[in-house]
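The values are calculated or read from the model by the stated rules, or taken from the named source; none is laboratory data. A quick note: this is a predicted structure, and the numbers were derived from the prediction, not measured. Cβ placement follows ideal geometry from the backbone for every residue including glycine, while neighbour counts extend to all protein chains displayed.
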Amino acid sequence: MFIEPNLKADRRGWIEVICGSMFSGKTEELIRRLKRVKIANLETAIFKPSIDVRFDESNIVSHDTNSIKSIPVRSANDILSMVKNVDVVGIDEAQFFDENIVNVCEQLALNGLRVIVAGLDMDFQGKPFGPMPDLLAIADYITKLHAICVKCGNIAHVSYRKQTDNDQQIMLGEKELYEPRCRVCAALKD
């Protein structure tokens with residue numbers, strides 16, 4: 001799909017993607033970047049999918065309980081209609097959005113905005129998660145974060161699901177359902 005750029009934009013936009021497993025610090029890094037943007041007196045619009053109510057219904061909250069005000073939205077297209085007079089757009093839990101999140105991010109960048117997106121690159125089975133592979137493909141900057149494996153202490157890139165009786169890709173939960181594991185420890189299936 002071709003998106004007509006805003007040729008009157010006086011600045012160039014770009015897309016930054018922060019990815020990795022659960023417990024790797026993706027949301028913490030997103031919040032850190034957005035707080036720095038606010039210190040620079042730039043206007044922000046921050047979004048998260050409305051299905052993500054684990055810590056808070058509206059705010060983005062990290063495992064370390066750092067938070068930043070956000071707007072929960074049902075679909076990626078809702079973001080475009082809510083972005084007015086901003087310099088930077090932040091989006092958390094991008095894997096839960098529909099495929100149109102890719103076009104939305106591209107449109108925002110073409111309109112001269114800095115777009116910072118965070119999300120899981122893989123699901124609990126180690127498969128690409130939702131629109132994340134396509135976001136990674138169009139990103140100008142990619143930061144891949146790793147957690148620490150709870151079994152051996154090596155770097156972890158797998159969001160290991162402890163309960164294996166449910167094979168649905170989306171199952172919201174935290175430490176009671178998931179833990180970070182390295183490739184080898186994830187394959188051990190205990």
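Among the residues of region 139-190, how many are in contact with a helix residue (DSSP H, G or I) (Cβ under 7 Å, 6 or more places away or on another chain), at pLDDT 95 or above and among the hydroxyl-bearing types (Ser, Thr, Tyr)?
Residues flagged as in contact with a helix residue (DSSP H, G or I) (Cβ under 7 Å, 6 or more places away or on another chain), at pLDDT 95 or above and among the hydroxyl-bearing types (Ser, Thr, Tyr) within region 139-190 amount to 1.
Can you pull out every residue in region 86-109 that is over 16 Å from Ala137 (Cβ atoms) and of a type in the set (A, V, I, L, M, F, W, C)?
Val86, Val88, Val89, Ile91, Phe96, Leu108, listed by residue number.
Exactly one of these conditions fails for Ala137: (1) more than 17 Å from Val88 (Cβ to Cβ); (2) within 15 Å of the chain's Cα centre (by Cα); (3) surrounded by 16 or more Cβ atoms within 10 Å (Cβ to Cβ). Give me its number.
The single condition Ala137 does not satisfy is (3).
Residue by residue through region 10-35, note down the ones that are of a type outside the set (Gly, Ala, Ser) and farther than 17 Å from Gly90 by Cβ. Give the steps one after another, and end with the answer.
Residues of region 10-35 of a type outside the set (Gly, Ala, Ser): 10-12, 14-19, 22-23, 26-35.
Residues satisfying the conditions are Asp10, Arg11, Arg12, Met22, Phe23.
Could you check how many residues of region 57-78 are at pLDDT 65 or above and closer than 10 Å to Phe47 by Cβ?
6
Mind listing just one residue for me: the one in region 11-54 that is within 28 Å of Glu176 (Cα to Cα) and loosely packed, with under 14 Cβ neighbours inside 10 Å and, of those, modelled with the highest pLDDT?
Ile51
Name the pairs: first residue in region 145-159 and closer than 9 Å to Arg183 by Cβ and touching a residue at least 40 places away in the same chain (Cβ under 8 Å), second residue of a type in the set (Lys, Arg) and in a strand (DSSP E or B), Cβ to Cβ under 7 Å, at least 6 apart or on different chains?
Final answer for the pair search is Ala156/Arg181; Val158/Arg181.
Filter region 20-40 down to the residues that are part of a helix (DSSP H, G or I), farther than 21 Å from Met122 by Cα and out of contact with any strand residue (DSSP E or B) (no Cβ under 8 Å at 6 or more places or on another chain) and list them by number.
Matches in region 20-40: Arg32, Arg36, Ile39.
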